[in-house]
Amino acid sequence: MQESELLNRYEGHPLGAALKNLNEAKDLNMLHDMYIASKSMILLLKHQGELTADDSELLEQYVDSRVDTFQPGGGQKDYS
């Protein structure tokens with residue numbers, strides 16, 4: 001499935017609301033909350049068999065593209 005199809009599919013689902021709020025987050029706390037909520041729902045939907053591995057990977061990439069994620073020793077930007 002394409003990214004736009006997945007976003008439309010979950011528009012009326014709590015995942016759709018979390019993704020919308022992720023894009024509209026005004027502060028770091030809301031961004032963090034929506035990031036965690038989105039990732040958790042994607043994992044749950046995959047576990048329940050509602051998402052294929054490919055679809056869940058596509059949605060996870062979409063979520064990750066909306067935030068800077070920090071990895072140990074990952075050479076990130078300095079936000080101090």
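Observations, loosely collected:
- Of all the listed residues (GLU50, GLU24), the sole one being exposed (fewer than 12 other Cβ atoms within 10 Å of the Cβ), under 16 Å from LEU7 (Cβ atoms), more than 8 Å from the chain's Cα centre (by Cα) and modelled with pLDDT of 85 or more is GLU24.
- Scan of region 1-37 for residues that are of a type outside the set (A, V, I, L, M, F, W, C) and closer than 13 Å to VAL67 by Cα, ordered by number: ASN21, ASN23, GLU24, LYS26, ASP27, ASN29, HIS32, ASP33, TYR35
The values are calculated or read from the model by the stated rules, or taken from the named source; none is laboratory data. Model, not experiment: these values are computed from the prediction. So basically every Cβ, Gly included, is an ideal-geometry build from the backbone, and we count neighbours across all protein chains shown.
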